[in-house]
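The values are calculated or read from the model by the stated rules, or taken from the named source; none is laboratory data. Please read these numbers as outputs of a predicted model, since none were measured by experiment. Positions of Cβ are generated from backbone atoms using ideal geometry, with glycine treated the same way; all protein chains shown enter the neighbour counts. For accessibility, only protein heavy atoms count, side chains too; no ligands or nucleic acids. Shrake-Rupley method; radii C 1.70, N 1.55, O 1.52, S 1.80 Å.
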Amino acid sequence: GLLSMGFEFAEERRRSPKDDLMTALVQAEVDGDQLTDEEIASFFVLLSVAGNDTTRNSITHTIKALQDFPDQREWLLEDFDGRIAVASEEFVRWASPVMTFRRTATQDVVLGGQEIKAGEWVAMIYSSGNRDEKVFDNPNRFDLSRTPNPHVGFGGGGPHFCMGSFVAKMQLREIFDQLLHRAPTLRVGEPEYLIGNFVHAVKSMPYTL
């Protein structure tokens, strides 16, 4: 998979350095220490998934939602430039492209009445958080004017917040500007989903123009 590709790329760039990101990673030093192959391969997976799968799947889920909720599509098109910033937050909440992540507790803590010991693993279910009826009114409605929209599609804040969130929003703005204005007759069918619990991914989805 991607991890083994990361190992291969790292090994190749050690033998044959080039002016690219992987060469920079294998040559990088932090306090005199170089990154291990495991760290480089993990970073490669992060770049591949975080920068590609997330936005790609957000686009796919949103296209389907705009078709399923035609009133929302019309609302957005009435003032695309003025409304796309708010709308794109709902794109991400609705798609929840990353469904789960795991963290390790660094200290004993009680969270929501649950005792968690230092060293224990904690799973965060973003799909559930983004449909939490205690946080969102009518969470199963695709509502492009939803504000505030405290979704956790980019993480819950702090040091793990998605550092590419602004790039993702820019990509969503640009592609929907093109799709809605240049391909107004685009229609899609039922998506075929990837089986898994990490990325909310669509393997294929039929379309007509």
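Quick notes on this structure:
- Charge dipole magnitude, Cβ of K and R +1, D and E -1 - the chain, Cα centre, debye nearest 20: 460 debye
- Ranking by accessible area, most exposed first, for VAL49, VAL86, VAL30 with a 1.4 Å probe: VAL30, VAL86, VAL49
- Cα gyration tensor shape of the stretch 165-209, rounded if a/c is under 1.5, else prolate or oblate by comparing a/b with b/c: oblate
- The long axis of helix 37-48 is offset from the longest Cα principal axis of the chain by roughly 10 degrees.
- Solvent-accessible surface (1.4 angstrom probe) belonging to GLU12, in square angstrom, nearest 10: 80 Å²
- Applied to the stretch 61-76, the Karplus parametrisation 6.51 cos²θ - 1.76 cosθ + 1.60 on θ = phi - 60° returns per-residue 3J(HN,Hα) values of 5, 5, 4, 5, 5, 5, 6, 6, 10, x, 5, 6, 4, 4, 4, 5 Hz, with x for Gly and Pro.
- Nearest 10 degrees, 0 to 90: helix 80-95 Cα axis against the chain principal axis: 60 degrees
- Shown are THR208, THR54, THR147, whose ranking by accessible area with a 1.4 Å probe and every protein chain present, most to least, is THR147, THR208, THR54.
- Label point distance in nm, VAL110-THR36, each placed 7 Å from Cα along Cα→Cβ: 3.7 nm
- Accessible area of the stretch 113-154 divided out per residue, in Å², using a probe of 1.4 angstrom: 63 Å²
- 3J(HN,Hα) along the stretch 22-36, derived from phi through the Karplus expression 6.51 cos²θ - 1.76 cosθ + 1.60 where θ = phi - 60°, amounts to 5, 5, 4, 5, 6, 9, 5, 10, 10, 6, x, 9, 8, 5, 6 Hz, with x in place of Gly and Pro.
- Which labelled figure in [x] 11.7; [y] 15.1; [z] 14.6 is mean projected area of the Cα convex hull in nm², once derived from the coordinates: [y]
- Gain in span if fully extended, TYR207 to GLU133, counting 0.36 nm per residue against the direct Cα distance: 23.4 nm
- The angle between the Cα long axis of helix 2-15 and the main principal axis of the chain comes to about 50°, on a 0 to 90 degree scale.
- The residues HIS200, HIS61, sorted by heavy-atom accessible surface at 1.4 Å with ligands and nucleic acids left out, run HIS200, HIS61 from largest to smallest.
- Between amide H atoms placed 1.01 Å from N, distances below 5 Å from ILE116 occur with VAL109, VAL110, LEU111, all of them 5 or more places distant or on a separate chain.
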